[in-house]
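Novice: Questions regarding the structure given below will be posed in turn.
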Amino acid sequence: MELTNKTIIVTGASSGIGAAAARLFASEGASVVLAARRPDELRSVAEDITRSGGRAVWRSGDVLDGAYLAMLTDLALQSFGSLNGAFNNVGTVGDMIAVPEMSIDNWNTVIATNLTSAFWAAKAQVPPLKEQGGGSIVFTSSFVGFSNGGLPGMGAYAASKAGLNGLVQSLASEHAADGIRINALLPGGTVTPAGGEGNPDALKFVSGLHPMKRMASASEIAQAALFLLSDRSQFMTGSPMIVDGGMSVRLL
Ligand code: NAP
């Protein structure tokens, strides 16, 4: 049990990597606070966890609203008495389109969802962790924006994730002396709704980019998040941790 007595916020917990992570963290002893917009999906993940003997609470909301992220911290403290970490995993790809044709609405939504939400999350989560002497925060970034070789049609997404990697480095440095570790997790292509699940052509194309010639499962990425949130990674902070089936080795 890697997360016994730890309370962890998981955003993007209604599907894909976040849902797999919420289930895994709870099975490793964590009390989890689940967040995303769709209430039915969140309720279903929370019910699975409690049926299996775990502890979960959930509230639906939109991470574009900083007050929602602040409320999640309050919910963790009220429900379980502490906050020990967060897996800030929300993300959206947005429209796959070249920048000259991209709408400003798409640009703003992708940057707000993937990058500005991380700013709100840090503002809400760092103070309580500092007060209790430490913790671990993980942000889901991506191979895109780091080692993707410039995949076309992903300008907003790549910019948001590259910005997130920079934010993580500054946060890590600002709060290392407070005992708070802050890392980015960079998955390669992962079979989820956002990763092309149900679209054989997309899955084949993305699988082919990886030297392993396959994509990750959501559970494999959740295992890496578990490592970053657990005490096994206690000398790691500010790291862009790549979990990409060798993609970066091939392209960098
Ligand atoms: P997913 O299944 O579509 O999950 C995305 C999650 O984010 C959902 O739970 C969604 O829930 C939530 N979300 C999106 N916008 C939100 C908002 N404004 N407010 C609250 N919640 C919001 O996709 P995934 O692949 O698991 O993605 C998880 C993370 O991994 C993302 O950051 C993504 O960029 C990253 N990633 C994915 C891949 C891949 O190939 N799949 C590769 C690298 C990185 P609701 O719709 O219910 O709000």
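Novice: Just how many % of Cα pairs in the stretch 109-156 lie over 12 Å apart, if you round to the nearest whole percent?
Specialist: Taking all Cα-Cα pairs of the stretch 109-156, the fraction more than 12 Å apart is 71 percent.
Novice: Within 13 Å, Cβ to Cβ, of Leu64, how many net charges do the neighbouring residues add up to if Lys/Arg are +1 and Asp/Glu are -1?
Specialist: -2
Novice: Can you list the residues, at least 5 places off or on another chain, whose amide H is less than 5 Å from the amide H of Ala56, using H built in the peptide plane?
Specialist: Counting only residues 5 or more places away or on other chains, the set is Val32.
Novice: Another one. How large is the helix-only mean residue ellipticity at 222 nm for the chain, computed as the sum of -39500 (n - 2.57) over DSSP H runs with n ≥ 4, divided by its residue count, in deg cm²/dmol to the nearest 500?
Specialist: -14000 deg cm²/dmol
Novice: Quick check: the distance between the Cα centres of the stretch 221-252 and the stretch 2-67, to the nearest angstrom?
Specialist: 21
Novice: Could you tally the net charge around Ser79, taking each other residue with its Cβ under 11 Å from the Cβ of Ser79, Lys/Arg +1 and Asp/Glu -1?
Specialist: +1
Novice: Okay, moving on. Under the rule of at least 5 residues apart or a separate chain, name every residue whose amide H is placed under 5 Å from the amide H of Gly135.
Specialist: Placed amide hydrogens put Ile180, Arg181 under 5 Å from Gly135.
Novice: Continuing with this model, one more query. Ratio of the chain's C-alpha Rg to 2.2 N^0.38 Å, to two decimals?
Specialist: 0.95
A short reminder: the numbers here are calculations on the coordinates, not readings from a lab. It should be emphasised that the depicted structure is a prediction, and the values quoted were computed from it without experimental measurement. Every residue, glycine among them, receives a Cβ derived from its backbone with ideal geometry; neighbour counts consider all protein chains shown.
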